[in-house]
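Worksheet for the structure shown next.
The values are calculated or read from the model by the stated rules, or taken from the named source; none is laboratory data. As the structure is a prediction and not an experimental result, all values here were calculated from the model. Using ideal geometry, Cβ is built from the backbone for each residue, glycine included, and neighbour counts are taken over all protein chains shown. When the accessible area is computed, the model is the full protein with side chains, heavy atoms only, and any ligands, DNA or RNA have been set aside. Shrake-Rupley method; radii C 1.70, N 1.55, O 1.52, S 1.80 Å.
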Amino acid sequence: MAFIDLGIQGLQAWQRAQGRVADGLADATLQRRLEGMRFALGPYGVDPFGFDPAYIRHLIGPLAWLYRRYFRVQLSGIEHVPDGAALFVANHSGQLPYDGAMIGMGLFLEREPPLFLRSMVERFVPSTPFLSPALARCGQVLGTPDNCRRLLEAQQSILIFPEGVGGLNKSWDQRYRMQRTGTGFLRLAIEQRVPIVPVAVVGAEEQAPSFGSLRMAGRLLGLPGLPITPAPLFGLVPLPSRYRISFGPPMRFDGDANDEDAVIRAKADEVVACLQKMLDRGVAARRHVFW
């Protein structure tokens, strides 16, 4: 019954939001903030990864509406965000990466000066029809060490979800529990001498709670699976849970990027432990999933 109630409350909140869709779609301030940013583009108006600022201009309004009116994001810790290149390391959930979009919008809307965040995407994304070219034009990049290294060397800030697909496909009973991560992000932070900013997202677990996965059906579409969820269209239309995003103080790690796995793993586990504490605090502090 709790699962049914969750779905009903979400749909009711979604219906209440429909009358406010126009908010944020024609905000001239958004365009001015975007135009005030400087991007290193090639002769054809895109960067080497296919990022196209002109394409973003058509999405800023709808994304701002999602941020302000649909997920009603509450942001904290923005003062911890450093200038210059950094790795933003966050928990991952919700089936589709609305969490990444809302983290990026928070840094664009609420930081002075605004920060444009690049994101590393999973390896299955380039083979996904329609989704792959759209994400590339929005500035998302295939998550390889070389791509990450090139962006950091260009003083770009990058968002990484070290849980990977395991974070997206968490079952309901594993919500807000960090899954095992890789260590590549830690090696890159040491190699490039950039800070790691932990980012905790509370709310995305409830946007499309998963009670199972149709893996065979997902593979036919080139996806890891199709979730069994009360959110419409397998989570493509998320439930309007309220997002609470917090940025922690930057973490810096010394040492050798080529250290033994056990040494790097211990440092990566420090980041995971920090994220878990931030998530525990965020979940305990909220009063309700949808408001």
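The figures follow:
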quantity	calculated
Per residue Cα convex hull volume in Å³ - calculated over segment 78-181	112
Tyr44/Gln155 FRET efficiency (R0 30 Å; Cβ-Cβ; nearest 0.05)	0.85
Relative contact order of segment 140-291, pairs being alpha-carbon contacts under 8 Å that are 6 or more residues apart, as %	27
Sequence-distant residues sharing a close amide H with Val89 (under 5 Å, placed H)	Ile160, Val197, Val199
Whole-angstrom gap from segment 30-49 to segment 52-68, using each part's C-alpha centre	14
HN-Hα J in Hz across segment 86-92 - Karplus 6.51, -1.76, 1.60, θ = phi - 60°, x for Gly and Pro	7, 9, 8, 10, 10, 6, 10
Carbon + sulfur, % of accessible area of segment 144-277 - ligands and nucleic acids excluded, 1.4 Å	54
